[in-house]
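*Asks:* Input: one structure, supplied below.
The values are calculated or read from the model by the stated rules, or taken from the named source; none is laboratory data. Here the structure is a predicted model, which is why all the values come from computation and not from measurement. Note: ideal-geometry Cβ built from the backbone for every residue, glycine included; neighbour counts use all protein chains shown.
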Amino acid sequence: MGDLPYTRASEVQAYCYCARRWWLQYVCGVEPRGTEALETGREAHREHARKVVAAGRLRRLAWALLVVGLGLAVAGAMLVGKG
């Protein structure tokens with residue numbers, strides 16, 4: 001029983017994704033090609049996600065500054081009207 005090979009989670013994931021790919025990689029020993037392009041794509045998506053988050057923060061800041069500015073304008077107009 002101790003001589004049985006372990007099945008790693010990455011192998012199960014690879015098999016669930018594509019049984020043929022699993023067979024080629026783990027049975028035949030063929031390594032996948034194009035992993036550099038995949039990593040480049042992943043990094044591009046991470047960078048885009050960072051920009052989307054930053055844009056959302058800037059939008060909220062802009063709205064907050066607009067509300068503060070309008071409040072100051074109204075307060076200033078009220079002070080001028082009393083004087």
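*Asks:* What are the residues in segment 24-60 that are loosely packed, with under 10 Cβ neighbours inside 10 Å, of a type in the set (A, V, I, L, M) and within 22 Å of ARG8 (Cα to Cα), if any?
*Replies:* Once the filter is applied, which keeps residues that are loosely packed, with under 10 Cβ neighbours inside 10 Å, of a type in the set (A, V, I, L, M) and within 22 Å of ARG8 (Cα to Cα), segment 24-60 yields only VAL27.
*Asks:* Residue under question is GLU36, and the condition is that it be within 22 Å of the chain's Cα centre (by Cα) and at pLDDT 90 or above; does it hold?
*Replies:* In short, no.
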